[in-house]
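Heads up, the thing below is written out as structure tokens.
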Amino acid sequence: MRRRHILFSSPVIQGFCYTQLTDVEQEINGLLTYDRKPKAPVERIRSIIKGE
């Protein structure tokens, strides 16, 4: 709840989006394939999420 409040009250954030973690029938932009195989090296995904 607190994170949502921060997003809505920010003067610089105009919106946000999210994606499924894995590909599904109607969406193919997840971090993992439909078979749950990483589309990029797991270490790289981890560093992007952590902001490193």
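Within region 22-42, being among the charged types (D, E, K, R) and surrounded by 10 or more Cβ atoms within 10 Å (Cβ to Cβ) holds for 23, 27, 36, 39. Exactly one residue out of 16, 8 is hydrophobic (A, V, I, L, M, F, W, C), in contact with a Leu (Cβ under 8 Å, 6 or more places away or on another chain) and loosely packed, with under 10 Cβ neighbours inside 10 Å, and it is 16.
None of the figures in this text is laboratory data; all of them are computed from the coordinates on show. This structure is a prediction, so every number in the text was calculated from the model and none was measured. Glycine also receives a Cβ, built like all others from the backbone with ideal geometry; neighbour counts cover every protein chain displayed.
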